[in-house]
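Each reported figure results from applying straightforward, stated rules to the coordinates on display, with no laboratory input. None of these values were measured; they are calculated from a predicted model. We place every Cβ from the backbone using ideal geometry, glycine too, and count neighbours over all the protein chains shown.
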Amino acid sequence: MRIAFLVHEFPTLSETFVINQMVGLIQRGHQVDVYAEKQGDINHLQPLVEQYNLLDRTYYLPLMPENLFKRVVNGINLLRKYLTLNKRKSFNSLNVWKYGFEALSFRLIYMLFPQCEQPYDIIHCQFGTQGYRGIWFRKMNSPQADLITTFRGEDISKYIDTNGSHVYDRLFKEGNYFLTNCDFFKQRIIDLGCNPNLISVLRSGLNYQAFIFKPRFLEKNEKICIATTGRLVEKKGIEYSIKAVAKQAQITPNLEYKIIGDGELRDYFEKLIRELKMQDKIQLVGWKNEQEIKEILDNSHLFIAPSVTAKDGNQDAPINVLKEAMAMGLPVISTYHGGIPELVEDGVSGYLVPERDVDTLADKLNLLIQHPEKWSDMGKAGRDYVEKHYDLDKLNDRLVEIYQQVLTSNQSLLNLNLNSVNLSS
């Protein structure tokens with residue numbers, strides 16, 4: 001199969017789940033091309049991006065201005081350029097009789113890739129916010145392709161709050177199939193009007209074999225090491241884990257808390273740590289590569305992922321950092337948030353607490369610290385759950401099956417329609 005992935009930015013360190021799907025498809029013999037609006041940080045690449053030369057498969061489409069005047073002016077310049085590459089496709093993007101307002105508004109010219117001559121089988125939009133780009137891209141470059149859209153988090157939380165509950169109505173009508181990464185978001189998509197028969201849950205997989213499991217024990221007089229991995233943004237809830245650890249440190253001074261990641265709230269967190277007088281116990285260690293993260297987790301006893309619903313409505317699915325920590329045998333503390341309860345079994349692989357509840361978070365942290373004999377069983381339960389439900393190989397096999405089912409289903413529908421025409425003629 002020939003598959004086009006549509007993303008907003010590529011490469012990006014925070015979207016390992018997308019890279020895992022690309023690589024899984026390549027490993028299974030399929031051709032994958034990536035179309036992005038924005039180039040990410042090429043100085044910090046996921047190892048798989050380099051190993052599979054994904055940047056050589058990546059094409060950057062021009063960013064489409066929202067302002068109509070700018071869109072038309074820039075679009076005319078694009079048209080001049082594209083006419084030298086493919087006159088037929090270039091003029092087609094302005095076919096008002098065929099495409100109506102979409103052509104008149106110069107939207108289609110921005111989705112045109114003149115060099116694309118061989119059609120795709122699948123156009124896969126990663127995040128619902130790419131769905132309309134997928135519709136336009138298909139019209140311009142590969143009309144026979146099936147359009148699949150995966151909803152993953154912000155696109156089905158913050159984006160809905162900002163743009164209204166009907167923002168995806170047209171996508172639901174024109175898209176061929178839809179995926180979500182958890183049951184929580186699947187139900188939300190159905191509530192928004194998606195046909196339940198055209199949607200499946202495909203969880204974001206993890207190559208758990210790359211994360212070495214180690215039972216957690218506490219040696220006598222050993223410092224208790226706690227870790228969090230995540231961007232320093234509101235929805236990761238790190239403010240509340242800082243406060244909870246600071247509270248616990250009054251009871252258990254022999255601890256340290258390392259927060260891996262960077263982001264817009266770093267200055268605020270540094271100030272908070274100083275105000276709590278926790279500089280010697282709580283460290284913002286910044287961005288780390290995958291191997292460095294594994295080393296920190298390997299030397300930790302407990303893991304906290306205190307996700308919250310941001311003020312703009314942004315929510316998380318079961319986050320990869322939790323899967324990684326669980327795969328390595330760490331008991332975890334997280335929140336009743338988004339799709340996370342589908343990953344963490346409360347009281348089995350760790351504990352779940354209400355969002356923004358510092359006291360309960362501190363209580364559960366204290367419970368784990370007071371009962372290190374629970375750690376090994378909880379860590380084993382977490383590892384087993386990740387192996388059973390988030391095996392990357394099995395989930396990539398399932399993705400191929402979904403593609404094939406969608407292609408077969410639509411070909412059968414096409415044949416049925418052709419037969420109906422023949423019978424009526």
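Just to be sure I understand, if you calculate log10 I(q)/I(0) by the Debye sum over Cα atoms at q = 0.10, 0.12, 0.14 Å⁻¹ for this structure, which of [x] -0.61, -0.88, -1.20; [y] -0.75, -1.01, -1.28; [z] -0.82, -1.01, -1.21 do you get?
So the structure-derived entry is [y].
Given Cα pairs under 8 Å that are at least 6 residues apart, what percent is the relative contact order of the range 208-388?
Once divided by the residue count of the range 208-388, the mean separation gives 28 percent.
Mind giving me the FRET efficiency for Val348 and Gln118? R0 is 56 Å, r the Cβ-Cβ distance, nearest 0.05 is fine.
Calculated value: 0.70.
Give me the distance in nm between label points sitting 7 Å out from Cα along the Cα-to-Cβ direction at Phe217 and Arg398, one decimal.
Each label point is offset 7 Å from its Cα along the Cβ direction, giving 3.6 nm.
Provide the FRET efficiency to the nearest 0.05 for the Asn366-Lys294 pair, computing r from the beta carbons and using R0 = 25 Å.
0.35
Go through the range 270-301 and name the trypsin sites (Lys or Arg not before Pro) that are in a DSSP coil and have 11 or fewer other Cβ atoms within 10 Å of their Cβ.
Details: sites: Lys271, Arg274, Lys277, Lys281, Lys288, Lys294; in loops: Lys277, Lys281, Lys288.
Counting only loop positions with at most 11 other Cβ atoms within 10 Å, the trypsin sites (Lys or Arg not before Pro) in the range 270-301 are Lys277.
Can you tell me which of Cys125, Cys182, Cys116 moves the most in a GNM of the chain? Springs connect C-alpha atoms under 10 Å apart.
Evaluated over the chain, the most mobile residue of the options is Cys116.
Quick one: net charge of Val400's neighbours, Cβ under 14 Å, K/R +1, D/E -1? Mind showing how you got there, number by number?
Details: positive: Arg2, Arg28, Lys394, Arg398; negative: Asp121, Asp146, Asp393, Asp397, Glu401.
Taking every other residue near Val400 into account, the sum is -1.
Starting from the Cα-Cα distance between Lys380 and His8, subtract it from 0.36 nm times their residue separation and give me the gain in nm to one decimal. Can you show the working numbers first?
Details: separation 372, 0.36 × 372 = 133.92 nm, distance 3.70 nm.
Fully extending the segment from Lys380 to His8 adds 130.2 nm.
How high is the relative contact order of the range 97-181, in percent, with contacts defined as C-alpha pairs under 8 Å that are six or more residues apart?
Dividing the mean separation by the residue count of the range 97-181 yields 29 percent.
Take every Cα pair under 8 Å in the chain that's 6+ residues apart, average their separations, divide by the length, and report that relative contact order as a whole percent.
Working: 738 pairs, mean separation 58.8, N = 425.
Reported relative contact order: 14 percent.
Just add up the charged neighbours of Leu272: K/R +1, D/E -1, any other residue whose Cβ is under 9 Å from the Cβ of Leu272.
On the way: positive: Lys243, Lys271, Arg274; negative: Glu239, Glu270, Glu275.
With Lys, Arg at +1 and Asp, Glu at -1, the net is 0.
May I ask for the net charge around Pro253, where only other residues with Cβ less than 15 Å from the Cβ of Pro253 are counted and Lys, Arg are +1 while Asp, Glu are -1? Before the final figure, lay out the partial values.
Numbers: positive: Lys223, Lys247, Lys277, Lys281; negative: Glu222, Glu256, Asp280.
Overall, the nearby charge balance is +1.
Exactly which GluC sites (Glu not before Pro) in the range 216-255 are in a DSSP loop and have at most 15 other Cβ atoms within 10 Å? Don't skip to the answer; put the middle values down first.
On the way: sites: Glu219, Glu222, Glu234, Glu239; in loops: Glu219, Glu222.
Hits after loop and neighbour filter: Glu219, Glu222.
Given R₀ = 51 Å, FRET efficiency for Lys271-His166 by Cβ-Cβ distance, to 0.05? Let's see the in-between values first.
Working: r = 41 Å, r/R0 = 0.81.
For R0 = 51 Å, the calculated efficiency reads 0.80.
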